[in-house]
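First up is the structure itself, then whatever we jot down about it.
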Amino acid sequence: MIAPSLLSADFARLADEARRVADADWLHVDVMDAHFVPNLTLGLPVVEAIQRVSPIPLDCHLMIEAPERWAPGYAEAGSRNVTVHAEACSGDPRAVARDLRAAGALAGLAIKPGTPLEDYLEVLAEFDTLLVMTVEPGFGGQEFIADVLPKVSAARRLVETGHLRLFVEVDGGVNEDTIVQAAEAGADVFVAGSAVYGADDPARAIAGLRERARTAAAARAR
Ligand code: DX5
Ligand code: ZN
């Protein structure tokens, strides 16, 4: 799946920007609180407004402190998937996953580049999505960190061997080149901000990314 990130869109025209990526699978919305990350974007009222106009399901990526308190609201707003950061959870992240699922959303757990996957293997049994950050969270337009790909491969192996049932999502620095590496490693959801909204034709950019990911995933399966 391709999930364009609204972070790289024109914030003065969010409805139009959401419609420009109607060919994609999920619309990725980066919520930042200026505490968990050094940047501030938008919150629940704006997500509710986007939800009303988006042609595709929302994938909310919460880069915020106290996700146990705030995340369920994003699920109740109708998001398809709501992802919280493992590093931001003060208690067991499984409690957040249960609340998200009870509110009708898929539950996602994100890990920063320096956070080991092994610390969360048991917890992940109750999640639907693992978001492996391929940049430090906070800003769009950064360079892809290929060093985190072993975490993607490890997660894919756990899915293939039946130990986990998860989407494996990558976020940060994904473009036509790096998406190949991520797909070869086993990712199946690809967030792309600048590569989609920075392109003259976002629909073409989405088709190009999808094609590159499909080819790489097919090569991996052989
Ligand atoms: C970064 C955000 C990403 C960002 C990706 O903290 O989580 O979703 O929008 O933007 P690009 O694709 O430009 O790296
Ligand atoms: Zn994101």
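Read-outs throughout are calculated quantities, based only on the coordinates presented, and are distinct from any laboratory measurement. Treat the numbers as computed from the prediction; the structure is a model and nothing was measured. Neighbour counts are summed over all protein chains in view; Cβ atoms, including those assigned to glycine, are modelled from backbone coordinates with ideal geometry.
Among 207-213, 174-180, 78-84, how do they line up from the highest to the lowest mean number of other beta-carbon atoms within 10 Å? Before the final figure, lay out each step's value.
On the way: 207-213: 18.1, 174-180: 19.9, 78-84: 26.0.
Taking the mean over residues of other Cβ atoms within 10 Å, the ranking is 78-84, 174-180, 207-213.
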### Query
Given the options 195, 155, 15, which has the most mean-square fluctuation in a GNM of the chain, springs set between C-alpha atoms less than 10 angstrom apart?
15
### Task
Compute the signed sum of charges (Lys and Arg +1, Asp and Glu -1) over the other residues within less than 14 Å, Cβ to Cβ, of residue 49.
0
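For the peptides 95-101, 157-163, 39-45, what is the packing order when you average, over each peptide's residues, the other Cβ atoms within 10 Å and list the highest mean first? Don't jump to the answer; show the numbers that get you there.
Working: 95-101: 20.4, 157-163: 12.3, 39-45: 14.3.
Highest-to-lowest ranking by the protection proxy: 95-101, 39-45, 157-163.
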### Query
Cβ under 12 Å from residue 88's Cβ, residue 88 left aside: what net charge do those residues give with Lys, Arg +1 and Asp, Glu -1?
-2
### Task
Please report, in debye to the nearest 20, how large the charge dipole of the chain is about its Cα centre when each Lys and Arg carries +1 at its beta carbon and each Asp and Glu carries -1 there.
580 debye
### Message
Roughly how far apart, in whole Å, are the Cα centres of the range 23-59 and the range 80-106?
### Response
16 Å
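Can you tell me how the range 83-167 classifies by the Cα gyration tensor, rounded, prolate or oblate, using a/c under 1.5 as the rounded cut? Walk me through the numbers before you get to the answer.
On the way: a/c = 1.85, a/b = 1.26, b/c = 1.47.
In terms of gyration-tensor shape, oblate.
Which order results if 115, 134 are arranged by neighbouring Cβ count within 10 Å, fewest first? Don't jump to the answer; show the numbers that get you there.
Working: 115 17, 134 28.
So the residues, fewest neighbours to most, are 115, 134.
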#### Entry: Relative contact order [Cα under 8 Å, 6+ residues apart], the range 89-222, whole percent
19 percent
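Can you tell me which of 122-129, 21-28, 138-145 comes out highest on packing, and rank the rest after it, using the mean Cβ neighbours within 10 Å? Don't jump to the answer; show the numbers that get you there.
Details: 122-129: 18.8, 21-28: 22.6, 138-145: 16.1.
By packing density, highest mean first, the sequence is 21-28, 122-129, 138-145.
Which order do 214, 222 fall in if you start with the one that has the fewest other Cβ atoms within 10 Å?
Numbers: 214 11, 222 4.
Starting with the residue having the fewest Cβ neighbours, the order is 222, 214.
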### Summary
The answer for the net charge of residues other than residue 171 whose Cβ lies under 12 angstrom from its Cβ, with Lys and Arg +1 and Asp and Glu -1, is -3
## Note on the structure
Where a ≥ b ≥ c are root eigenvalues of the Cα gyration tensor, a/c under 1.5 meaning rounded, otherwise prolate if a/b exceeds b/c and oblate otherwise, the range 95-222 counts as prolate
